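Note sheet for the following structure.
The values are calculated or read from the model by the stated rules, or taken from the named source; none is laboratory data. These figures come from a predicted structure and were not determined experimentally. Cβ coordinates were reconstructed from backbone atoms using ideal geometry, including for glycine residues, and neighbour counts include every protein chain displayed.
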Amino acid sequence: MQKPEISIIISTYNSEAWLEKVMWSYEAQNFKDFEMIIADDGSKQPTFDLIDKMKSLIHYPIHHVWHEDNGFQKSQILNKAILACNSDYILMSDGDCMAREDYVKVHIETREKGYFLSGGYFMLPMSISKEITKEDILTQRCFNVNWLKSHGLKSSFKNNKLTASGFTEKFLNTVTPTNASWNGHNSSGWKTDIIAVNGFDERMQYGGQDRELGERLFNYGIKSKQIRYSAVCLHLDHPRGYKTQDSIDKNRAIRETTRKENLKWTDYGIKK
């Protein structure tokens with residue numbers, strides 16, 4: 001098989017309805033030379049059935065990387081997915097983030113040696129998340145702010161994420177106070193750089209494990225570029241039952257050590 005230009009890792013866990021919408025959003029991409037690696041943190045049979053169905057309906061190859069359910073172990077499955085990537089360049093997002101048609105193209109055209117790319121997301125309320133259909137995705141109308149407003153979206157400065165282009169887009173990327181961190185829902189980087197810092201720290205469960213990877217990349221000498229207003233993904237709403245204060249506190253302590261000791265490597269990553 002010819003090596004794709006980019007590998008896209010999509011994380012999921014027992015969320016077939018959202019994952020299907022996300023997979024259709026990648027079918028609509030105007031850049032086509034990619035593979036999808038589904039990093040599955042222990043989903044049950046319905047997710048397997050969905051992936052089998054979608055393989056015959058979409059143009060891009062899918063590799064399903066799965067391990068048994070052992071609680072929230074996203075860092076572990078992401079490391080397995082990284083190793084499964086066939087491309088030199090990796091884009092990471094989530095199974096609840098639908099990509100606008102130019103999403104992959106933006107990551108491809110903005111990539112640069114010595115950098116990773118940091119994007120954001122546009123959060124949708126649950127009511128709109130449920131309403132969006134396959135046709136809404138393939139026609140791209142669900143990315144149109146007027147269509148979203150007609151379905152209940154309120155006016156907000158954040159709506160600029162959907163409408164900014166040209167000078168405005170570049171200006172907002174420059175002046176945004178949001179750090180250009182590694183965000184698990186919308187970031188990309190070179191596989192060699194991610195491997196060089198040993199991937200994700202598998203001690204970390206929910207709460208900042210993506211940022212900690214980015215902090216080690218910074219310590220390794222990699223810089224970041226902000227594409228918050230350029231690479232647009234719509235975040236479908238869902239409950240977060242895996243979010244616990246213990247997990248957040250533990251991860252915060254690990255990140256503090258990474259910063260204080262200027263760590264470039266974790267002993268709890270891809271290589272044990």
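Go over the candidates ALA81, ALA17 one by one and state the one that is more than 21 Å from TRP190 (Cα to Cα) and either at pLDDT 95 or above or in a strand (DSSP E or B) (or both).
Checking each option against the conditions leaves just ALA17.
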Discussion item. Tell me whether segment 7-28 contains one or more residues that are of a type in the set (Asp, Glu), touching a strand residue (DSSP E or B) at 6+ places or on another chain (Cβ under 8 Å) and in contact (Cβ under 8 Å) with a residue 60 or more places away in the chain.
Written reply: no
Discussion item. Taking the criterion of being surrounded by 18 or more Cβ atoms within 10 Å (Cβ to Cβ), among the hydroxyl-bearing types (Ser, Thr, Tyr), in contact (Cβ under 8 Å) with a residue 40 or more places away in the chain and not in a loop (DSSP other than H, G, I, E, B), would at least one residue in segment 227-244 satisfy it?
Written reply: no
Worksheet item: Do you know which residues across segment 77-102 are of a type in the set (A, V, I, L, M, F, W, C), farther than 23 Å from ASN219 by Cα and surrounded by fewer than 21 Cβ atoms within 10 Å (Cβ to Cβ)?
Response: ALA84
Worksheet item: Which residue out of ASP94, ASP136 is of a type outside the set (Lys, Arg) and without any contact (Cβ under 8 Å) to a residue 40 or more places away in the chain?
Response: ASP136
